[in-house]
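J.: Would you mind keeping the following structure in view while I ask a few things?
The values are calculated or read from the model by the stated rules, or taken from the named source; none is laboratory data. Quantities reported herein were computed from a predicted structural model and do not represent experimental measurements. Here Cβ is always computed from backbone atoms with ideal geometry, including for glycine, and neighbour counts include all displayed protein chains.
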Amino acid sequence: MQEWREQNDLVQQLLNSKDAAFITQARETLSARHQQHAMVFECVDATCIADVVADWTGIPLGRMLEKEHQQIDALFERLAGRVIGQDHALKQIAQQIRISRSGMSDPLKPMGVYMLAGPSGTGKTETSLALAELLFGGEESLVTINMSEYQEAHSVSGLKGSPPGYVGYGQGGVLTEAVRRNPYSVVLLDEVEKAHPDVMELFYQIFDKGTIEDAEGQQINFRNTLIIMTSNLACGTLMTAYDSGNTAPEALCDAIRPEFERVF
């Protein structure tokens, strides 16, 4: 508070002064103070506003100042620079994100929900990391949920919090607390096929409504999240198709559909 008061007094003196030499010196002093803690500004401009919003959302300042259409237009190229050999899938993701950001998709649902299926080492997690970096400014905006830890029906409480009267009530759920704190994020549901059907019902609600209620009755908003599910299902089928040269996307989807329909 002391620093805020001193910066505020300096700005008030600066704004009220007509002495050019004092104004120059005051601006230099204020700039030096801002190197440590920028609290009060002489002029509120786009950079100041972006700085505040960046602090609220966790999106770095540089991303806030970059024009959004520039980010989206270059999304595929930036993704392809990090994830090798998955151009078809990356183009589909980039196209759907472009549609979402243009306002042509349902605003009451998450920005996007994607299923990435394939063997380990094919870029599923790296795609999630790249999207967190490119869309939300950093890999720290990736929320990873290991779905193999939610194979029992009761484990859903770990995601949205324990109900009143149970151990852990008031501590928040792994999923809901992470998104409440950082609503602009990529949510990665790793090995989603291992989750109990009751757990998946929670996510189906998120996919459909864009919100869920945690154990304390708070509405958690997922409408600014990108949700990615990964799965190793049908890896054998995919590898067989690859070995036979039948790698057309439509043919691969038809080949793996029966195995996915048995699980989901």
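J.: As an exercise: evaluate GLN151 against (1) of a type in the set (S, T, N, Q); (2) more than 16 Å from the chain's Cα centre (by Cα); (3) surrounded by 13 or more Cβ atoms within 10 Å (Cβ to Cβ) and give the number of the one condition it does not meet.
T.: Checking GLN151 against (1) of a type in the set (S, T, N, Q); (2) more than 16 Å from the chain's Cα centre (by Cα); (3) surrounded by 13 or more Cβ atoms within 10 Å (Cβ to Cβ), the one that fails is (3).
J.: Here's a follow-up. Would it be correct to say that ALA21 is outside any helix (DSSP H, G or I), among the small types (Gly, Ala, Ser) and at pLDDT 75 or above? Write out each step before concluding.
T.: Working: outside any helix (DSSP H, G or I): no; among the small types (Gly, Ala, Ser): yes; at pLDDT 75 or above: yes.
Considered against the rule, which asks whether it is outside any helix (DSSP H, G or I), among the small types (Gly, Ala, Ser) and at pLDDT 75 or above, ALA21 comes out as no.
J.: Among the numbered criteria (1) under 27 Å from GLU139 (Cβ atoms); (2) at pLDDT 90 or above, which one does ALA153 miss?
T.: (1)
Conditions (1) without any contact (Cβ under 8 Å) to a residue 24 or more places away in the chain; (2) under 18 Å from the mean Cα position of the chain (by Cα); (3) in a helix (DSSP H, G or I); (4) surrounded by 17 or more Cβ atoms within 10 Å (Cβ to Cβ), marked per residue:
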{"residue": "GLU77", "(1), (2), (3), (4)": "yes, no, yes, no"}
{"residue": "GLN95", "(1), (2), (3), (4)": "yes, yes, yes, no"}
{"residue": "PRO107", "(1), (2), (3), (4)": "no, yes, no, no"}
{"residue": "MET115", "(1), (2), (3), (4)": "no, yes, no, no"}
{"residue": "SER120", "(1), (2), (3), (4)": "no, no, no, no"}
{"residue": "THR127", "(1), (2), (3), (4)": "no, yes, yes, yes"}
{"residue": "ALA130", "(1), (2), (3), (4)": "no, yes, yes, yes"}
{"residue": "LEU134", "(1), (2), (3), (4)": "no, yes, yes, yes"}
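J.: Okay, moving on. Do we find a residue being of a type outside the set (Asp, Glu), modelled with pLDDT of 80 or more and either assigned to a helix (DSSP H, G or I) or within 30 Å of GLN7 (Cα to Cα) (or both) anywhere in the stretch 43-56?
T.: Within the stretch 43-56, one or more residues are of a type outside the set (Asp, Glu), modelled with pLDDT of 80 or more and either assigned to a helix (DSSP H, G or I) or within 30 Å of GLN7 (Cα to Cα) (or both).
J.: Something else: Please verify whether SER102 is assigned by TED's automatic domain parsing to the domain that holds THR225, polar (S, T, N, Q) and within 15 Å of the chain's Cα centre (by Cα), treating the condition exactly as stated.
T.: No; evaluated as a whole, the condition is false for this residue.
J.: Within the stretch 67-75, identify whether any single residue is at pLDDT 85 or above and surrounded by 13 or more Cβ atoms within 10 Å (Cβ to Cβ), and answer yes or no. Outline the logic, then answer.
T.: Of the residues in the stretch 67-75, the ones at pLDDT 85 or above are 74-75.
Filter again for surrounded by 13 or more Cβ atoms within 10 Å (Cβ to Cβ), leaving 74-75.
Yes - at least one qualifying residue is present in the stretch 67-75.
J.: Among the residues of the stretch 205-262, how many are touching a Ser or Thr at 6+ places or on another chain (Cβ under 9 Å), of a type in the set (Gly, Ala, Ser) and either free of Cβ contacts under 8 Å to residues at least 40 places away in the same chain or not assigned by TED's automatic domain parsing to the domain that holds ILE99 (or both)?
T.: Of the residues in the stretch 205-262, 2 are touching a Ser or Thr at 6+ places or on another chain (Cβ under 9 Å), of a type in the set (Gly, Ala, Ser) and either free of Cβ contacts under 8 Å to residues at least 40 places away in the same chain or not assigned by TED's automatic domain parsing to the domain that holds ILE99 (or both).
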